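Only one structure is covered here, and it is reproduced in the block below.
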Ligand SMILES: [Zn+2]
């Protein structure tokens, strides 16, 4: 599914919900619910699951926020780490089929 992720510098109203907001690309709520400034801080990603979204922002591909055996070794696995980071993201109803 192609998603549009808005953030991280959103209005306090959105920030209170989550750092990043995830919508299906083209969702009407993006135009309706976010200011133009907020919409300039968005990226489109093709993802298969929720953890893929976290991967783009916090994973190895984002420059090593997670380092195996490093400061984040409290995580039993990379998958668990990504799963935990998913809480930084609010998944809107339009992407509810993403697991
Ligand atoms: Zn939406």
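Brief remarks on what is shown
- Of the helices (runs of 4 or more DSSP H) lying entirely inside the range 1-47, those containing at least 3 residues that are surrounded by 11 or more Cβ atoms within 10 Å (Cβ to Cβ) and at pLDDT 95 or above span 28-33.
- Considering residues of the range 22-42 that are touching a helix residue (DSSP H, G or I) at 6+ places or on another chain (Cβ under 6 Å) and within 13 Å of residue 7 (Cα to Cα) only, the residue nearest to the ligand (Cβ to nearest atom): 23
- Verdict on residue 53 being within 18 Å of residue 94 (Cβ to Cβ), part of a strand (DSSP E or B) and touching a residue at least 24 places away in the same chain (Cβ under 8 Å): no
- Candidates are the residues of the range 86-99 that are surrounded by 10 or more Cβ atoms within 10 Å (Cβ to Cβ) and more than 16 Å from the ligand (Cβ to nearest atom); the one that is modelled with the highest pLDDT is 88.
- The range 57-85, subset under 22 Å from residue 4 (Cβ atoms) and buried (at least 18 other Cβ atoms within 10 Å of the Cβ), residue modelled with the highest pLDDT: 57
The values are calculated or read from the model by the stated rules, or taken from the named source; none is laboratory data. What you see is a predicted model, and the numbers here were worked out from it, not measured in a lab. No Cβ is skipped: glycine too gets one built from the backbone with ideal geometry, and neighbour counts run over all protein chains shown.
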